[in-house]
Amino acid sequence: MSDLFIVVGTFALCYAVIIGYAARLHLRRRRVKD
Amino acid sequence: MSRTRMLLGTAALAVGIGLWFAFASPVDRLQGEFSRIVNIHAPFLWVAFLAFGVTALASIMWLVKKTPRWDRLGEASAELGVVFTVTGLFTGMVWGQAVWGRAWDWGDARLATTAVMLFVYLGYLALRRATPDPEMRARRSAILGTVAVVQVPLVYFSVYMFRTLHQTPSIRPDGASMPDEMVIALLVNFVAITYVYVALLFARLDVARAEERVTVDADLAGDAVKPPRLTEVEDV
């Protein structure tokens with residue numbers, strides 16, 4: 001069970017980094033627009 | 001809905017499908033749940049290779065054509081390559097700690113060459129930030145982007161050149177060393193994560209184009225648009 005928890009956490013962290021990067025792009029785009 | 005938003009939305013859907021396959025596929029008898037990490041580890045690093053390849057191609061095109069769009073493409077793809085190399089290394093470290101008993105080993109050829117590749121592309125991004133003149137920035141980064149790509153085959157073939165800790169690929173032209181369900185899950189994630197790269201590349205290029213337009217407009221306007229210094233304004 002704890003192994004699955006670590007694996008799910010690893011997936012979540014990696015996709016959080018990618019979503020964070022996409023969010024940063026969105027904010028930069030909006031700032032330029034304004 | 002804009003093209004970029006549509007791409008990002010469908011990329012999120014592709015990731016969802018990839019996650020379903022990753023967690024529905026059977027696990028390796030020895031590695032247990034940790035074998036699921038390979039479903040994102042290998043695609044992340046494949047996308048990093050692809051991204052650095054695109055940077056090299058864009059760099060060569062800039063050296064030939066000298067048009068800003070190739071410079072923008074090179075930068076955008078290198079930035080994404082760095083993001084995917086970091087996530088790829090992190091997933092490999094978690095898997096390595098569980099299966100090998102160690103997260104990192106500088107003596108391993110694949111790990112060491114991947115780390116060097118990451119540092120070189122971080123250097124590429126640093127070089128861009130350290131060069132204010134657009135023409136000079138494009139020229140310097142095009143040269144580095146063209147030369148740095150030699151690391152991609154070096155990282156890929158390092159497991160054949162030096163027999164250290166990291167294993168050779170599990171999927172080869174002569175067949176795969178894992179059951180079909182696991183191969184399908186891995187291939188679905190390869191497609192999904194490649195699609196994420198394409199969607200993010202378009203989003204990054206949109207930002208670069210918009211930022212460049214603002215910079216050009218400001219340059220054209222010159223001093224006329226500079227805000228007044230409030231300390232110089234006398235009270236009325």
Exercise. Of all residues in the stretch B:66-96, which are away from chain A (no Cβ under 13 Å), farther than 15 Å from residue B:119 by Cβ and under 8 Å from the mean Cα position of the chain (by Cα)?
Worked result: B:77
Seminar exercise, completed: residue B:33 fails exactly one of (1) touching a Leu at 6+ places or on another chain (Cβ under 6 Å); (2) farther than 28 Å from residue B:151 by Cβ; (3) crowded, with 20+ Cβ neighbours inside 10 Å, namely (3)
Exercise. Can you tell me which residues in the stretch B:125-172 are among the β-branched types (Val, Ile, Thr) and either free of Cβ contacts under 8 Å to residues at least 24 places away in the same chain or assigned to a helix (DSSP H, G or I) (or both)?
Worked result: B:131, B:143, B:146, B:147, B:150, B:152, B:155, B:159, B:168, B:171
For this session: Sort through B:80, B:125, B:89 and tell me the only one that's within 25 Å of residue A:22 (Cβ to Cβ) and touching a Lys or Arg at 6+ places or on another chain (Cβ under 9 Å).
Result: B:80
For this session: Sort out which residues of the stretch B:8-24 are touching a helix residue (DSSP H, G or I) at 6+ places or on another chain (Cβ under 8 Å) and either without any contact (Cβ under 8 Å) to a residue 12 or more places away in the chain or surrounded by 18 or more Cβ atoms within 10 Å (Cβ to Cβ) (or both), and write them in order of number.
Result: B:8, B:11, B:14, B:15, B:18, B:19, B:21, B:22
Exercise. From the list B:112, B:56, B:98, B:76, which one is surrounded by 15 or more Cβ atoms within 10 Å (Cβ to Cβ), in a helix (DSSP H, G or I) and in contact with a strand residue (DSSP E or B) (Cβ under 9 Å, 6 or more places away or on another chain)?
Worked result: B:98
Problem set entry | Residue, nearest to residue B:183 (Cα to Cα), within the stretch B:3-36, restricted to residues that are at the interface with chain A (Cβ under 10 Å from one of its Cβ atoms) and not in a helix (DSSP H, G or I) | B:27
For this session: Can you tell me which residue within the stretch B:1-49, out of those that are farther than 23 Å from residue B:170 by Cα and of a type in the set (S, T, N, Q), is farthest from the chain's Cα centre (by Cα)?
Result: B:2
For this session: Would you check which residues across the stretch B:121-134 are surrounded by fewer than 18 Cβ atoms within 10 Å (Cβ to Cβ) and either β-branched (Val, Ile, Thr) or touching a Phe, Trp or Tyr at 6+ places or on another chain (Cβ under 8 Å) (or both) and list them?
Result: B:131
Exercise. Mind checking which residues of the stretch B:159-205 are among the hydrophobic types (A, V, I, L, M, F, W, C) and under 22 Å from residue B:109 (Cβ atoms)?
Worked result: B:159, B:161, B:162, B:165, B:171
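Readers should treat all values here as calculations from the given coordinates under stated rules, not as data from a laboratory. Being a predicted model, the structure only gives us computed values, none of them experimental. Because the Cβ atoms are built from the backbone with ideal geometry, glycine has one as well, and the counts that use them run over all protein chains shown.
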